[in-house]
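Here's the structure we're looking at; comments come further down.
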Amino acid sequence: MIEPLRVLQTKPQLTALIPIKVPREDIRKVMGPGLAELKAAVAAQNVAIVGPWFTHHLRNPGEIFDFEICLPVAAPVAPANRVKPGQWSAMNIVQTTYHGGYESLGGAWGEFIGMIKAAGHRTVDGLYESYDVGPEASTDPSEWRTVLSKELVEE
């Protein structure tokens, strides 16, 4: 299930990120280890995490996933191995929240894209997923919440 569309303006947010480019079928193999590596690097620099982790897909996913695993942070991080400093820019976005397990995210994205088009919005290539409630908080996938976001085309 997804919630109704929301249109909002984001504020700039410092991030720590790991860029990843893998075939679609490898996404589950790299996500957990990448997030663990990112959290460890941020902790080693004594930088506070200030919100839920998210992914930024630089292009709409196809056979290759070209994305960044990101953590919002309170201060800039120094580069360390694969970890890089970054920033989520201020932008106008359209957003919804998906309720459920990760295996149905593809369908939720399809429904979300349909709602965006039906509302007459145009978006840029790429997307964001913020993992607000997941398996670390509950073993019941019906309680999981993933925020889906797409940047709007400036008119």
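Quick note: the coordinates plus some simple rules give every number you see, no bench work behind them. All values derive from a computational prediction rather than experimental measurement. Cβ atoms come from the backbone with ideal geometry, glycine included; neighbour counts cover every protein chain shown.
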Which peptide among 31-37, 137-143 comes first, and what is the full order, when sorted by highest mean count of other Cβ atoms within 10 Å? 31-37, 137-143
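How high is the relative contact order of segment 75-155, in percent, counting Cα pairs under 8 Å that sit 6 or more residues apart?
Relative CO of segment 75-155 lands at 38 percent.
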Could you tell me how far the Cα centroid of segment 85-155 sits from the Cα centroid of segment 1-59, in Å? 13
Burial order of peptide ranges 100-109, 3-12, 122-131 (average beta-carbon count within 10 Å, highest first): 122-131, 100-109, 3-12
By how many degrees, 0 to 90 and rounded to 10, does the Cα axis of helix 27-44 deviate from the longest principal axis of the chain? 50
Straight-distance crosslink candidates among lysines, where the alpha carbon sits under 19 Å from residue 117 and sequence neighbours closer than 8 are dropped: 150
Hey, which aspartates and glutamates would be in cross-link range of residue 21, C-alpha to C-alpha under 13 Å, not counting anything within fewer than 8 residues on its own chain? 63, 66, 68
Measure off 7 Å from each Cα along the Cα-to-Cβ vector at residue 90 and residue 139, then give the distance between these two points in nanometres to one decimal. 4.6
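Which value, in debye to the nearest 20, gives the size of the charge dipole of the chain about its Cα centre, when Lys and Arg are +1 and Asp and Glu are -1 at the Cβ?
The dipole magnitude comes to about 340 debye.
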Sorting 135, 69, 86 by the position of each Cα along the dipole of the chain (Lys, Arg +1; Asp, Glu -1; all at Cβ), the one nearest the positive end of that ordering is 86
